[in-house]
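Undergrad: Got a structure here, written out as structure tokens. Questions coming.
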Amino acid sequence: MKYLFTLLALFSVLLPATARERLAFNDDWKFARFGLMPDGTEQAEPKGLEKAGFDDSDWRTLDVPHDWGIEGPFRPELPNRTGKLPWAGIGWYRKSFQSLESDAGRNIYLDIDGAMSGAQVWLNGEYIGEWPYGYSSFRMDLTGKIRIGKKNTVAVRLDNKPESSRWYPGGGIYRNVWLVKTEPTHVAHWGVYVTTPIVNDDHAMVKVVTALEGEQPDTAVSYEIMEAGSSKILATGKGKTAFIRLDQPKRWDLDSPNLYQVRTTVSNAGKTVDTYLSTFGVRTIEYTADEGFFLNGKLTKMNGVCQHHDLGPLGTAVNVRAMERQIEILKSFGVNAIRTSHNPPAPEFLDLCDRMGILVQVESFDCWGRKKADNDYARHFWDWWERDTVNMVRRDRNHPSVVMWSTGNEILEMNYAEEAWISQMQTDVIHREDPTRPVSFGGSRPVAAFNGFQHTVDVYGFNYKPHLYAEFREKNPDIPLYGSETASTISSRGEYFFPVLNDKFKGQGGYFQVSSYDLYAPNWAYPADVEFEAQAKYPWVFGEFVWTGFDYIGEPTPYNKDKTNLLNFTDPEERARMEKELDKLGGDIPARSSYFGIVDLCGFPKDRYYMYQSQWRPDLPMVHILPHWNWPERIGKITPVHVYTSGDEVELFLNGTSLGRKIRGEFESRLRWDDVIYEPGELVAVAYRNGKPWAETSMQTTGAAAGLGLSVDRNVIKNDGKDLAFITVDVIDSQGRVVPRSHNLVKYSVKGPGRIIATGNGDPTDLTDFQSLERKVFNGKALVIVQSLDGKKGRVTVTAESEGLKPSEITFISK
């Protein structure tokens, strides 16, 4: 290694320094844990771990992004509201790197996109700084502290305190890290701000404002605008503030997410000292109380979901393909908007939303000064809120996908009118940093809609209050309104319990699952049908963000002991009732992930997927039947059948006999045949629209499990050591039909240039480690995630085997 460092130093003398370098700093970190350990023991934290000379040779070598919590093991005694995973504890990361001789006289920065949490940074044993909030991106200035031409060591200490989160937060340097080198005169961190104050078909006026560091009397700034991915210059401009005319602009829209880039060039006395590339889009947004949200002048309903930041079986460690797959699945049932609940997302997530045409509300905090958990952000709020807010806005304000900011979720201060100034001060800072987008929050306390808090934001978000939409409009006629968090319907994929009751609390069955008839919800929430009706009745409500798009790790309501659920109740009697219900649960509760998702933790659709698809993609011919039709114990018993469709009427057949044709009534989002007597065979639903056949589907009684079927999301992946293949595993009968009530144990193996990095099945009670190569399917399905090997090309073959079933394999290419 010393020989390599010498070669690098020698080689650097031969190469001229470029104006700006942004180098990936993810590889070959040393890692160790202390304090609370994964097995439940405690290990003392030695002193001197930050020193350059500390011997870390016996520490684990890994690449970041890295989530230490997802590695498990699941421990039944850990809180299930944060996933029963050992994310709490102290983690140290150390990385040695060689400085080049050409680094002399340059500014050098360490940019960390996110570290969970309580980050402290040292260079060569010298303390550099801290950043407590695990969701913030931040910069550490190493200028003047680097040992030029020598080996340097960065050390990062993280301290994930117990009771610091209400959901699974992950642990570690879980986002990307960069080493940035610039000349003394350069564009400041996130220092180029691009807006489009004038947009029409003929031209757009692009305003570019640049903040500099190390500016000299002869410093000049110039700009070149290009389409993203093109080198053809379309327009140019000069000055730290420039207005640049862009002719015949291609607008960023949901269906055509066109992107541009502006290349900022900084020079001193005519010599280029910095270049900086910024991506932006040309688009307009407008919110009105009377009509709603307009994108490029077109009235647009936000069909939104809330998303936590974990990637299911992969945990919180950022992976671009995993995030892209999530967005693809969300778009497939009509999602056009995402709320980043309840924190700023990874920057790559917004890059994907820009490219894929998704509207985003970026949210800052889950709490302010009043805490929800003992060690949550409240202990940092007053010292750090402005720095965290500024970083969020400056990092993300060029993204055309970002159309709203949110200062918080279900904030306890909202109960007190005299604390509205806390909301106003945050809104003022965001307006200062970005006056082009509205500020909002997620308001769960009805009083906040009428006590003055509503006037501290530009658009008002109601959490679970469709019954208050009309009253809000009457008393606040000039404030645009939307559902910032809606429904919270709960279900387990493929689980159905009988009798089917309309009481939203009666969807619970054995084994800690929830029925998938989509009628069930916690006390503060309601079935999705309720919100669909409210959105239809009050079209000036400009959309909703459903809780949630995907299931996520933690918060397994209703099977949790999460006392923070009590924060959702302002009525003392309701709060006391809920507290008793939570106390009744007691004992060993295996649930470790949520039931809220429209799709499960692996991305497999629940029945609700098709309900939302029927509403949010009305021009897609579709019809869906539930439940499955494998009920040998229910022969002769009433087994209700529900149908979701984008048509306006449906005829249902059982074994060729019509069970009647039903018309969807006004505000009706499902059709019900509640008196069907079960007999094995085939259900067929034929949907009509305007009297003509529209879509058809069937649900058949399958045979016994006979084999395994595998399918892969893509046939070719990149061999960059990061790309992923997602393989669906189905238990099938002799005719290839998925057997819905199967739970077979399956073993997985891989050959070729790939490795299995995670498995899952969507069962919120499964405590098998996500890295296990053996896992039961859940109601007929499981997921295997394979990662490419860096630089390795070839055929990757995954094999699935289960006792008594015909094995299966599938092959894809890594290149």
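Undergrad: Kindly work out what percent of the DSSP beta bridges joining two residues of the chain are antiparallel, to the nearest 5.
TA: Around 80 percent antiparallel, to the nearest 5.
Undergrad: Would you mind counting up the charge near residue 391? Only other residues with Cβ under 12 Å from its Cβ, with Lys and Arg at +1 and Asp and Glu at -1.
TA: -1
Undergrad: What is the angle, in °, between the Cα long axis of helix 347-356 and the longest principal axis of the Cα atoms in the chain? Nearest 10 is fine, range 0 to 90.
TA: 60 degrees
Undergrad: Can you give the calculated 222 nm mean residue ellipticity of the chain, where each DSSP H run of n ≥ 4 adds -39,500 (n - 2.57) and the sum is split over every residue, rounded to the nearest 500 deg cm²/dmol? Intermediate values should be presented prior to the final figure.
TA: Numbers: 9 runs with 107 residues, N = 815.
The per-residue figure over the chain is -4000 deg cm²/dmol.
Undergrad: Still on this structure, please answer the following. Taking every DSSP beta bridge with both residues inside the stretch 265-371, roughly what % is antiparallel (nearest 5)?
TA: Of all bridge pairs located within the stretch 265-371, approximately 60 percent are antiparallel.
Undergrad: Net charge near residue 643: determine it from the other residues with C-beta under 13 Å of the C-beta of residue 643, scoring Lys and Arg +1 and Asp and Glu -1. Mind showing how you got there, number by number?
TA: Values: positive: 661, 662, 664, 670, 672; negative: 518, 607, 648, 649, 651, 668, 674, 696.
So the environment of residue 643 carries a net charge of -3.
Undergrad: Quick one: 23, 246, fewest Cβ neighbours within 10 Å first, how do they rank?
TA: On the way: 23 11, 246 20.
Listed from fewest to most nearby Cβ atoms, that is 23, 246.
Undergrad: Compute the distance from the alpha-carbon center of the stretch 183-224 to that of the stretch 744-774, in whole Å.
TA: About 48 Å separates the Cα centre of the stretch 183-224 from the one of the stretch 744-774.
Undergrad: Right, another one. Out of 76, 128, 162, whose Cα points farthest toward the positive end of the dipole of the stretch 2-176 (charges: +1 Lys, Arg; -1 Asp, Glu; placed on Cβ)?
TA: My answer, from the dipole projection, is 128.
Undergrad: Roughly how many debye, to the nearest 20, is the charge dipole of the chain about its Cα centre, given +1 on each Lys and Arg Cβ, -1 on each Asp and Glu Cβ, and no other charges? Please list the in-between numbers first.
TA: Working: 94 positive and 108 negative charges, 360 e Å.
Around 1720 debye, computed over the chain.
Undergrad: A further question on this structure: Taking Rg/Rh (Cα atoms, Kirkwood Rh) straight from the coordinates, which label in (i) 1.06; (ii) 0.97; (iii) 1.27 is the correct one?
TA: Label of the calculated value: (ii).
Undergrad: Note down the net charge around residue 106, summing +1 for each Lys or Arg and -1 for each Asp or Glu among other residues with Cβ under 14 Å from its Cβ. Let's see the in-between values first.
TA: Values: positive: 20, 22, 145, 147, 181; negative: 21, 101, 103, 141, 183, 213, 274.
Surrounding charge for residue 106 is -2.
Undergrad: In whole Å, what is the distance between the alpha-carbon centres of the stretch 61-86 and the stretch 353-419?
TA: Cα centroid of the stretch 61-86 versus Cα centroid of the stretch 353-419: 25 Å apart.
Undergrad: In the chain, with Lys and Arg counted as +1 and Asp and Glu as -1 at Cβ, which of these residues, 488, 754, 34, has the Cα nearest the positive end of the dipole, that is, farthest along it?
TA: Farthest towards the positive pole: 754.
Rule-based calculations on the coordinates, nothing more; no lab input. The structure displayed is predicted, hence computed values, not measured ones. Counting neighbours? That spans all protein chains shown, and the Cβs are built from the backbone with ideal geometry, glycine included.
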